[in-house]
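Working notes, structure below.
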Amino acid sequence: MKIRVLGCSGGVGGPDRHTTALAVDDDILIDCGTGVGALSIEEMLAIDHIFLTHAHFDHVALLPMLIDSVAERRSRPVSVYALPETLAALHAHVFNWVLWPDFTVLPEALNPVLKLQPLRVGELFSFGGRQIQVLPAAHSVPAVGYCMAQNGSSLAFSGDTTLCEELLDALNAMPALRYLLIETAFPEAMHAKAEISRHLCPSKLGEFLSRLKTSPEVFITHLKPLCEVQASREISMLESVLPIQMLLAGEVFEV
Ligand SMILES: [Zn+2]
Ligand SMILES: [Zn+2]
């Protein structure tokens, strides 16, 4: 199972900065931020399943465009999996005939290109030998993370979250966790903003990692563009026994 980082910034700006999207092999996406713009039309046509962490725009921005771009040539729907609240927000505010057509009834109501599939925390999806487990998260809107696993090896992605006890419990139950992609959005000076928006800042990240009982390689995602330098410096000074690196677009993980 190959996981390719298409976008991992908390914002946009320049060719290397795109918002959250991960490609799992050729057929699955985790989130649909502006990183999806890196896919060719043929690569977009191959996407059968899209798992969303939550409804925020930086994680769904290119979903309407992707669906529109492939609609004419797909005979099967693209399944979009998310919490019921996330799907309801997308249907009410994006695919509502105002911001974008309602592709859940297009091109035909009986054979639409977009299928909304509710999921719940803890649910396990299997695609051949590949497994995707829904992880808990604690953000300003209903949100989840995901763990991708195959042959006993796994990669967990936090999505957007503040320090979340349930996520810690879930990760600590995964002895074979090889990689952890975890968010941090703001530097310490913006601690209050991180709290209000339910993101991590470096000290909270440090607390989270200190309570992990497994030993994954840690990669930081979702730094806000104007905070990258300061937050990276603060993260590099954390006293963590785990190796911590900044996640980069284009990086590929194998589990
Ligand atoms: Zn968010
Ligand atoms: Zn976000």
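So, in the range 30-61, of the ones that are over 16 Å from His18 (Cβ atoms) and acidic (Asp, Glu), which residue ends up most open to solvent (accessible area, probe 1.4 Å)?
Ranking the candidates gives Glu42 first.
Mind listing whichever residues of the range 139-157 are under 19 Å from Leu242 (Cβ atoms) and without any contact (Cβ under 8 Å) to a residue 60 or more places away in the chain?
Cys147
Restricting attention to the range 14-32, which residues are farther than 13 Å from Phe157 by Cβ and at pLDDT 95 or above?
Once the filter is applied, which keeps residues that are farther than 13 Å from Phe157 by Cβ and at pLDDT 95 or above, the range 14-32 yields Arg17, His18, Thr19, Asp25, Asp26, Asp27, Cys32.
So Ile132 passes all but one of these: (1) among the aliphatic types (A, V, I, L, M); (2) in contact (Cβ under 8 Å) with a residue 40 or more places away in the chain; (3) within 16 Å of ligand 1 (Cβ to nearest atom). Which condition number does it fail?
(3)
To keep it simple, each residue is scored yes or no on (1) within 16 Å of ligand 1 (Cβ to nearest atom); (2) open to solvent by less than 10 Å² (accessible area, probe 1.4 Å); (3) modelled with pLDDT of 95 or more.
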| position | (1), (2), (3) |
| --- | --- |
| Glu123 | no, no, yes |
| Ser140 | yes, no, yes |
| Ala149 | no, no, yes |
| Leu181 | yes, yes, yes |
| Thr184 | yes, yes, yes |
| Ala194 | yes, yes, yes |
| Leu212 | no, no, yes |
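Quick one: would you say Ala55 is within 16 Å of ligand 1 (Cβ to nearest atom), at pLDDT 95 or above and in a helix (DSSP H, G or I)?
It is false that Ala55 is within 16 Å of ligand 1 (Cβ to nearest atom), at pLDDT 95 or above and in a helix (DSSP H, G or I).
Restricting to the range 66-121, name every residue that is assigned to a strand (DSSP E or B), under 20 Å from Val141 (Cβ atoms) and open to solvent by 60 Å² or more (accessible area, probe 1.4 Å).
Pro118
Taking Ile47 as the residue in question, decide whether it is over 20 Å from Leu247 (Cα atoms), of a type outside the set (Lys, Arg) and part of a loop (DSSP other than H, G, I, E, B).
Yes, satisfied.
The values are calculated or read from the model by the stated rules, or taken from the named source; none is laboratory data. Keep in mind that this is a model prediction, so the values were computed, not measured. Cβ sites come from the backbone with ideal geometry, for glycine too, and all protein chains shown count toward neighbours. Please note that ligands, DNA and RNA were not included when accessible areas were found on the heavy atoms of the full protein model with its side chains. Shrake-Rupley method; radii C 1.70, N 1.55, O 1.52, S 1.80 Å.
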